[in-house]
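> The structure that follows is given in the form of structure tokens.
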Amino acid sequence: MSLFVFAKFAIHDRDGYERYVSLATPIFMREKVKVHGSDDAPHALTPDMAADKNVLLEFRDKEHFEHFFAQKDYMAAAKVRNAASKMSATLFERFEG
């Protein structure tokens, strides 16, 4: 079953975050992670959801998710991301109604 990751970012170093994007984008493509949404100006519906950027990712299943985040090149890119921003993320399953 597909897993989704919703992430929101408070970015304090825009250049550093853009470096992360340039490092991570080819990895997302190589690993066939679906990017359903990426917004640099999200509109928060509640104050606790305020963010500089929101992203919605889809992974085929738990194994795909775990494999992706175990990639050495992604772990290196994530260090760049973490130095440039604060991220909050949620993992959830696809709704099968």
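> If a residue counts only when it is in contact (Cβ under 8 Å) with a residue 24 or more places away in the chain and over 21 Å from Phe95 (Cβ atoms), which strands (runs of 3 or more DSSP E) contained entirely in the range 1-84 have at least 2 such residues? It would help to see each step written out before you state the result.
On the way: elements: 3-11, 34-39, 53-59.
Counting at least 2 such residues, we get 3-11.
> Hey, among Phe4, Phe28, which residue is in contact with an Asp or Glu (Cβ under 8 Å, 6 or more places away or on another chain) and either at pLDDT below 95 or not aliphatic (A, V, I, L, M) (or both)? If you could, list the steps in order and put the result at the bottom.
On the way: Phe28 fails: in contact with an Asp or Glu (Cβ under 8 Å, 6 or more places away or on another chain).
From the options Phe4, Phe28, the qualifying one is Phe4.
> Another question about this same structure. Pull up the range 37-55, narrow it to residues that are surrounded by 12 or more Cβ atoms within 10 Å (Cβ to Cβ) and under 12 Å from the mean Cα position of the chain (by Cα), then point me to the one that is nearest to Ser2 (Cα to Cα).
Taking the candidates together, the pick is Val55.
> If you don't mind, there's one more thing I want to ask. Looking at the structure I just gave you, is Ala89 loosely packed, with under 13 Cβ neighbours inside 10 Å, on the phi < 0 side of the Ramachandran plot, of a type in the set (A, V, I, L, M) and modelled with pLDDT of 95 or more? Before the answer, list the steps.
Values: loosely packed, with under 13 Cβ neighbours inside 10 Å: yes; on the phi < 0 side of the Ramachandran plot: yes; of a type in the set (A, V, I, L, M): yes; modelled with pLDDT of 95 or more: yes.
Taking the combined requirement at face value, the residue satisfies it.
The values are calculated or read from the model by the stated rules, or taken from the named source; none is laboratory data. All values reported here derive from a predicted model rather than from experimental measurement. Glycine gets a Cβ as well: all are built from the backbone with ideal geometry, and neighbour counts include every protein chain shown.
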